[in-house]
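Presented below is the structure to which this report refers.
The values are calculated or read from the model by the stated rules, or taken from the named source; none is laboratory data. All values reported here derive from a predicted model rather than from experimental measurement. Quick reminder, even Gly has a Cβ in these numbers, built from the backbone with ideal geometry, and neighbours come from all protein chains shown.
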């Protein structure tokens, strides 16, 4: 079985397909069996199964100071 990637709340995920607003970057707000993401373009929140999320990811950008200032769930 494939080991899960080391995601942390506050990381930015760049997905393969763009959102309807045109943005491909999403802020990871929650990690577990499911993943809560927030679009950095329009603010829309999305809840995905972790396996589906890992298939959709193109790259990972570690958390920066400005991302960790947000209120995480």
- request: Return yes when residue 27 is surrounded by 13 or more Cβ atoms within 10 Å (Cβ to Cβ) and either in contact with a helix residue (DSSP H, G or I) (Cβ under 8 Å, 6 or more places away or on another chain) or assigned to a loop (DSSP other than H, G, I, E, B) (or both) and no when it is not.
  value: yes
message: Restricting to the range 1-24, name every residue that is part of a loop (DSSP other than H, G, I, E, B) and surrounded by 15 or more Cβ atoms within 10 Å (Cβ to Cβ).
response: 7, 9, 10, 11, 19, 23, 24
field: Of residues in the range 47-73 being under 14 Å from residue 9 (Cα atoms) and part of a strand (DSSP E or B), the one modelled with the highest pLDDT
entry: 47
query: Restricting to the range 1-17, what's the tally of residues that are out of contact with any strand residue (DSSP E or B) (no Cβ under 8 Å at 6 or more places or on another chain) and modelled with pLDDT of 90 or more?
result: 1
